[in-house]
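Shown next, in structure tokens, is the structure this report addresses.
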């Protein structure tokens, strides 16, 4: 599904990777959470952990991808069917992220199990794998992502630093600033700003620039993209 077909306008992911270890009846359950955007990135994480934990009994996986969470995969990796991957996936998809909602995505979870010699039974395995992922998520920093439209603002150098600062302090999402010479050879600043994709927001932004720059800046509408808030 391409961006224009995506139904969701926002979702939640994790800001950085997490490693969490849980011991249950001498078995070690080491959970790795990583932010991923493609199935290949999720598979690369599994391959990486198979190499680094080559002596572990199981490398069970679950991942959720896309703003609409339309890609969901899980794997028991030798554990009894339905006792590892499925509860891990459920821990990801049912995680409440804001206002009681569950919209976590672009996250891969791998639980590496070192068998401790004591059988846990089907119910014990389900609880162990679910709790392992939930405990790791408790330590994760959550990041809100929103689909926004990029606006390219060109400003004269005499006002660019102040304008960039004013935009930030006024709550606008400034993505970055570049400097390049214009047709007349004068260096100008290109400030990239992300706004909610709505007509009234664009009108308010245009009015803001006009009042704050006295005609010293112009803007052009760009593409929509996902932005970490």
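The values are calculated or read from the model by the stated rules, or taken from the named source; none is laboratory data. Not measured: the values here are computed from a predicted model. Every residue, glycine among them, receives a Cβ derived from its backbone with ideal geometry; neighbour counts consider all protein chains shown.
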Which condition does residue 144 not pass, out of (1) in contact with a helix residue (DSSP H, G or I) (Cβ under 6 Å, 6 or more places away or on another chain); (2) within 26 Å of residue 223 (Cβ to Cβ), if it passes all the others? (1)
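Residues being surrounded by fewer than 20 Cβ atoms within 10 Å (Cβ to Cβ) and either under 30 Å from residue 27 (Cα atoms) or touching a strand residue (DSSP E or B) at 6+ places or on another chain (Cβ under 6 Å) (or both): count how many of those fall in segment 59-73.
Going residue by residue through segment 59-73, those that are surrounded by fewer than 20 Cβ atoms within 10 Å (Cβ to Cβ) are 66, 68-73.
Cutting the leftovers down to either under 30 Å from residue 27 (Cα atoms) or touching a strand residue (DSSP E or B) at 6+ places or on another chain (Cβ under 6 Å) (or both) gives us 71-73.
The qualifying residues number 3.
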For residue 136, indicate whether it is in a helix (DSSP H, G or I), touching a strand residue (DSSP E or B) at 6+ places or on another chain (Cβ under 6 Å), under 30 Å from residue 69 (Cα atoms) and in the same structural domain as residue 51 (by TED's automatic domain parsing). yes
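Hey, among the residues in segment 94-133 that are touching a helix residue (DSSP H, G or I) at 6+ places or on another chain (Cβ under 7 Å) and in a loop (DSSP other than H, G, I, E, B), which one's surrounded by the fewest Cβ atoms within 10 Å (Cβ to Cβ)?
Going residue by residue through segment 94-133, those that are touching a helix residue (DSSP H, G or I) at 6+ places or on another chain (Cβ under 7 Å) are 95, 102, 104, 107-112, 120, 126, 129-130, 133.
From what's left, in a loop (DSSP other than H, G, I, E, B): 95, 102, 120.
Values: 95: 20, 102: 14, 120: 19.
Only one residue fits best here, namely 102.
Mind listing just one residue for me: the one in segment 177-188 that is surrounded by fewer than 15 Cβ atoms within 10 Å (Cβ to Cβ) and touching a strand residue (DSSP E or B) at 6+ places or on another chain (Cβ under 6 Å) and, of those, nearest to residue 226 (Cα to Cα)? Even if it seems obvious, please write down each step before you answer.
Keep residues of segment 177-188 that are surrounded by fewer than 15 Cβ atoms within 10 Å (Cβ to Cβ), which gives 178-187.
Right, trim to touching a strand residue (DSSP E or B) at 6+ places or on another chain (Cβ under 6 Å) and you get 178-179, 181-182, 187.
Numbers: 178: 20, 179: 24, 181: 29, 182: 29, 187: 29 Å.
Once the filter is applied, the top-ranked residue is 178.
Table: residues versus (1) more than 30 Å from residue 8 (Cβ to Cβ); (2) surrounded by 10 or more Cβ atoms within 10 Å (Cβ to Cβ); (3) in contact (Cβ under 8 Å) with a residue 60 or more places away in the chain.
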site: 162; (1), (2), (3): yes, yes, no
site: 169; (1), (2), (3): no, no, no
site: 175; (1), (2), (3): no, yes, no
site: 190; (1), (2), (3): no, yes, no
site: 202; (1), (2), (3): no, yes, no
site: 218; (1), (2), (3): yes, yes, yes
site: 227; (1), (2), (3): no, yes, yes
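Residue 153: crowded, with 21+ Cβ neighbours inside 10 Å and either in contact (Cβ under 8 Å) with a residue 24 or more places away in the chain or in a strand (DSSP E or B) (or both), yes or no? Break it down stepwise before answering.
Working: crowded, with 21+ Cβ neighbours inside 10 Å: yes; either in contact (Cβ under 8 Å) with a residue 24 or more places away in the chain or in a strand (DSSP E or B) (or both): yes.
So residue 153 passes the test.
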